[in-house]
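J.: Below is the structure I would like to discuss, written out as structure tokens.
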Amino acid sequence: MATILLTGFDAFGGAAANSSWDAVQLAARDWPESSALVTACLPVEFGRAGDILDDLIGRLRPDLVIATGVAAGRTKVTPERIAINLADARIPDNAGAEPRDEPIVAEGPDAYFTRLPVQDMVERMTAAGIPAALSLSAGTYVCNDTMYRMLHSLSSQTTLAGFIHVPDSAELPVASSAAALRLALESGLAALG
Ligand code: PCA
């Protein structure tokens, strides 16, 4: 049986909630027992979110990992293709850190591409009537930091892992983001074979 890890983020930047965690919880509701779905909410902190995710991956040994975060201003669900080795915060994270123009991993590669079937995910979401598009940038804040650290530590492993940004609930209802995440998980499971 496949094990899946699906994460969202805490609220940050003065917001009361984070639509990614709301969508993750809704997506996990009544998940079929043919695969084991574990969810977690990560802190919006450079480095620490990636460390917690690393620890979860080490303990659960999931076959598929999808981390999610909210992307303010985006109106579509956007699977991320690529994580870059750059931390450049526009606001302090929840621990007060505000890195500027720093590499995430010194001497690390400039970028990692996800091996998630992101094209198929977008097709499934679009076919279901959910606004979705591929994204070429997860930004330079905590989401990109977490995606980069995850792909860096999994670089020699076969685990399918990646990141999806969802819109804020003001732009897209959480139920739609949750439905999109379920389709993404189904797509990932299909790719596992
Ligand atoms: N979005 C932020 C960090 C946490 C979240 O949900 C980002 O896009 O980096």
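The values are calculated or read from the model by the stated rules, or taken from the named source; none is laboratory data. Just so it is clear, the model here is predicted, and its values are computed rather than measured. Using ideal geometry, Cβ is built from the backbone for each residue, glycine included, and neighbour counts are taken over all protein chains shown. In case anyone asks, the SASA skips ligands and DNA or RNA and just uses the protein heavy atoms, side chains included. Shrake-Rupley method; radii C 1.70, N 1.55, O 1.52, S 1.80 Å.
J.: Scanning the stretch 25-64 for residues that are of a type in the set (Asp, Glu) and under 22 Å from Leu183 (Cα atoms), which turns out farthest from the chain's Cα centre (by Cα)?
T.: Of the stretch 25-64, the ones of a type in the set (Asp, Glu) are 30, 33, 45, 51, 54-55, 63.
Subset that is under 22 Å from Leu183 (Cα atoms): 30, 33, 63.
On the way: Asp30: 21, Glu33: 23, Asp63: 15 Å.
Ranking the candidates gives Glu33 first.
J.: Go through the stretch 26-78 and report how many residues are closer than 24 Å to Gly139 by Cβ and of a type in the set (Phe, Trp, Tyr).
T.: Of the residues in that region, 1 qualify.
J.: Related question: Looking at the stretch 109-149, which of its residues are within 16 Å of the chain's Cα centre (by Cα) and within 18 Å of Leu192 (Cα to Cα)?
T.: Phe113, Thr114, Arg115, Leu116, Pro117, Val118, Gln119, Met121, Val122
J.: Going by the structure shown, is Ala72 open to solvent by less than 40 Å² (accessible area, probe 1.4 Å), under 15 Å from Ile164 (Cα atoms) and not in a strand (DSSP E or B)? Let's see the steps before the verdict.
T.: Details: open to solvent by less than 40 Å² (accessible area, probe 1.4 Å): no; under 15 Å from Ile164 (Cα atoms): yes; not in a strand (DSSP E or B): yes.
So Ala72 does not fit the description; no.
J.: For a quick check of your reading of the model, give me the residue pairs whose first member lies in the stretch 7-22 and is over 19 Å from Ala89 (Cα atoms), whose second is open to solvent by 10 Å² or more (accessible area, probe 1.4 Å) and polar (S, T, N, Q), with beta-carbon atoms closer than 6 Å and at least 6 apart or on different chains.
T.: Ser19/Ser169
J.: Does Ile91 count as surrounded by 14 or more Cβ atoms within 10 Å (Cβ to Cβ), within 16 Å of the ligand (Cβ to nearest atom) and of a type in the set (Val, Ile, Thr)? Reasoning before the result, please.
T.: Values: surrounded by 14 or more Cβ atoms within 10 Å (Cβ to Cβ): no; within 16 Å of the ligand (Cβ to nearest atom): yes; of a type in the set (Val, Ile, Thr): yes.
Here the answer is no, as Ile91 does not meet what is asked.
J.: Take the stretch 144-175 and flag every residue that is buried (at least 21 other Cβ atoms within 10 Å of the Cβ) and among the polar types (S, T, N, Q).
T.: Of everything in the stretch 144-175, those that are buried (at least 21 other Cβ atoms within 10 Å of the Cβ) and among the polar types (S, T, N, Q) turn out to be Asn144, Thr146.
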